[in-house]
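Chemist: Got a structure here, written out as structure tokens. Questions coming.
What follows draws every value from the coordinates through simple rules; no lab data is involved. Just so it is clear, the structure is predicted and the values come from calculations on it, not from any experiment. Quick reminder, even Gly has a Cβ in these numbers, built from the backbone with ideal geometry, and neighbours come from all protein chains shown.
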């Protein structure tokens, strides 16, 4: 076993858990999950069956990740953020098998108490502000806030807000990496 799990954590059969992962107090990893190396799953989290987490995913306390969600490498999920997996849930109607897929792409951050409505992918290095309610797809590098969320800017891979000049160029204040905005999409320049 090349990972750590707290004695109160429950890990069901059929899970694959990567080297260096940490699973903390009262968390439940349900059957057939794939947890990448160096993931950190905070206390009181539920990872539902067949969820896939890439490498180095950081999940803060009180997060439930439901079947149909895939988090790619380096994703950050803030405290008490929420995913859904059925658009029209009813207690008396079983909608298993109708779970919608949601992919959180590499390097994205989802802030505390945010909600991601199922079927809406989160782009690479996107940044979802605390308390936001995501009801549509989020572009790579986009900064979105509010309920319903709306895009208010762009973020660097380091998590700094990008300010583009009249030529569509920006430099990350932290990393000094350069970015370009062309026709509503951002790319990092080499």
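Chemist: Pick from 12, 121, 73: which residue has the top mean-square fluctuation in a GNM of the chain where Cα pairs under 10 Å get a spring?
Modeler: It is 12.
Chemist: For the residues 77, 162, what sequence is obtained by ranking on other C-beta atoms within 10 Å, fewest first?
Modeler: Numbers: 77 29, 162 20.
Fewest to most other Cβ atoms nearby, the residues stand as 162, 77.
Chemist: Quick check: from the Cα gyration tensor, does the stretch 90-133 come out rounded (a/c under 1.5), prolate or oblate?
Modeler: Values: a/c = 4.30, a/b = 1.80, b/c = 2.38.
Taking the square roots of the gyration eigenvalues as a ≥ b ≥ c, the stretch 90-133 is oblate.
Chemist: Between residue 43 and residue 137, what is the label-to-label distance in nm when each label sits 7 Å out along the Cα-to-Cβ direction?
Modeler: Output for this residue pair reads 4.0 nm.
Chemist: Count the DSSP beta bridges whose two residues both fall in the chain, then state the antiparallel fraction as a percent rounded to the nearest 5. Don't skip to the answer; put the middle values down first.
Modeler: Working: 14 of 50 bridges.
Of those bridges, close to 30 percent are antiparallel.
Chemist: Which distance in nm do the two modelled labels at residue 100 and residue 173 give, with both placed 7 Å along the Cα-to-Cβ direction?
Modeler: Here the modelled spin labels are 3.6 nm apart.
Chemist: Apply the a/c threshold of 1.5 to the C-alpha gyration tensor of the stretch 89-190 and tell me whether it is rounded, prolate or oblate. Please report the intermediate quantities before stating the final value.
Modeler: Details: a/c = 2.74, a/b = 2.43, b/c = 1.13.
It comes out prolate by the Cα gyration axes.
Chemist: Hey, another quick one. For 154, 24, what's the fewest-to-most ordering of other Cβ within 10 Å of each Cβ? Mind showing how you got there, number by number?
Modeler: Values: 154 23, 24 18.
Exposure proxy ranking, most exposed first: 24, 154.
Chemist: Stretch residue 93-residue 180 to full length: gain in nm at 0.36 nm per residue minus the Cα-Cα span?
Modeler: 26.5 nm
Chemist: A further question follows. Can you give the Rg to Rh ratio of the stretch 27-111, both from alpha-carbon atoms, with Rh computed by the Kirkwood formula? If you can, show how the numbers build up before the last one.
Modeler: Numbers: Rg = 12.5 Å, Rh = 12.9 Å.
Here Rg/Rh amounts to 0.96.
Chemist: Working from the alpha-carbon coordinates of the stretch 1-43, get Rg over Rh, Rh being the Kirkwood radius. Mind showing how you got there, number by number?
Modeler: Numbers: Rg = 9.0 Å, Rh = 10.0 Å.
Reported Rg/Rh (Cα atoms, Kirkwood Rh): 0.91.
Chemist: Cut-off is 10 Å between beta-carbons; in what order do 17, 11, 182 appear when sorted fewest neighbours first?
Modeler: Values: 17 23, 11 18, 182 8.
Ranking 17, 11, 182 by Cβ neighbours within 10 Å, fewest first, gives 182, 11, 17.
Chemist: For residue 7 and residue 31, what does the FRET efficiency come to when R0 = 22 Å and r is the distance between their Cβ atoms, rounded to the nearest 0.05? Present the calculation step by step, with values, prior to reporting the outcome.
Modeler: On the way: r = 20 Å, r/R0 = 0.92.
The formula returns an efficiency of 0.60 here.
Chemist: Does the stretch 1-144 come out rounded, prolate or oblate by the C-alpha gyration tensor, with a ≥ b ≥ c the root eigenvalues, rounded set by a/c under 1.5 and, if not, prolate when a/b is larger than b/c and oblate if not?
Modeler: Numbers: a/c = 1.72, a/b = 1.21, b/c = 1.42.
In terms of gyration-tensor shape, oblate.
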